[in-house]
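In what follows, a structure is listed as structure tokens, so that the remarks can point back to it.
Just so you know, all these numbers are worked out from the coordinates, no wet-lab data involved. These numbers were taken from a predicted model, which means no experiment stands behind them. Note that each Cβ is placed from the backbone with ideal geometry, even for glycine, and that neighbours are counted across all protein chains shown.
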Ligand SMILES: C[S@@+](CC[C@H](N)C(=O)[O-])C[C@H]1O[C@@H](n2cnc3c(N)ncnc32)[C@H](O)[C@@H]1O
């Protein structure tokens, strides 16, 4: 029995809903949540009710593992503990999502750029990336340039206001103390042209 979390009030859910309208007609059957949690997993399973989901979490990240395994309890979800920065995923997917994942790169000792590149290496036809605009560890200009250079087409990019900003004490990054408020989210829908030319 599947118990999805009610995510309707979340900015990520609203942004996701707007973006995936553009995927109408696409046969989304295999999904990967690169940096999973019960919110993003519930959103993906809700909007694609016949698709299966590989939910990736950092090894030993029990903050995410327990809620994913016990709360959702769906036979469409496979919770996989894997370090995205140290692994090569060979499986092909129709959709890869990374919601609020990039901002956590440093929590596990990696730079944002490496985690971003590893996520974009996943062989998925489409990507949905959602993260916090104000997060100083995320370089959106770098991402935009990367998409252009590496064969990714931005089908939609939306900036959404967060009605309930949170204060993030990112205590230490490259020796600097960084704090920010999550006032806006940035959401991308990306088409991976490399997966259509083969
Ligand atoms: C803030 S949580 C996002 C949760 C989820 N996307 C949601 O919206 O409910 C960040 C997630 O990214 C994962 N993560 C961060 N760095 C990772 C890495 N190098 N390899 C695998 N997972 C990673 C964490 O384990 C966690 O599941």
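Among (1) closer than 25 Å to residue 179 by Cα; (2) surrounded by 18 or more Cβ atoms within 10 Å (Cβ to Cβ); (3) in contact with a helix residue (DSSP H, G or I) (Cβ under 6 Å, 6 or more places away or on another chain), where does residue 85 come up short?
Looking at each condition in turn, residue 85 falls short on (2).
So which residues in the range 43-80 are surrounded by fewer than 17 Cβ atoms within 10 Å (Cβ to Cβ), over 13 Å from residue 4 (Cβ atoms) and in contact with a helix residue (DSSP H, G or I) (Cβ under 6 Å, 6 or more places away or on another chain)?
none
Could you pull out the residue among 131, 144 that is touching a strand residue (DSSP E or B) at 6+ places or on another chain (Cβ under 9 Å) and within 12 Å of the ligand (Cβ to nearest atom)?
Just one listed residue meets the conditions, 131.
Looking at 40, 8, 36, which one is crowded, with 19+ Cβ neighbours inside 10 Å and within 20 Å of residue 164 (Cα to Cα)? Let's see the steps before the verdict.
Numbers: 8 fails: crowded, with 19+ Cβ neighbours inside 10 Å; 36 fails: within 20 Å of residue 164 (Cα to Cα).
Every option except 40 fails the conditions.
Residue-wise test of (1) in a helix (DSSP H, G or I); (2) more than 11 Å from the ligand (Cβ to nearest atom).
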{"residue": "85", "(1), (2)": "yes, no"}
{"residue": "89", "(1), (2)": "no, no"}
{"residue": "97", "(1), (2)": "no, no"}
{"residue": "105", "(1), (2)": "yes, no"}
{"residue": "113", "(1), (2)": "yes, yes"}
{"residue": "124", "(1), (2)": "no, yes"}
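Checking residue 56 against (1) more than 9 Å from the ligand (Cβ to nearest atom); (2) touching a strand residue (DSSP E or B) at 6+ places or on another chain (Cβ under 9 Å): exactly one of these is not met. Which one?
Going through (1) more than 9 Å from the ligand (Cβ to nearest atom); (2) touching a strand residue (DSSP E or B) at 6+ places or on another chain (Cβ under 9 Å) one by one, residue 56 breaks only (1).
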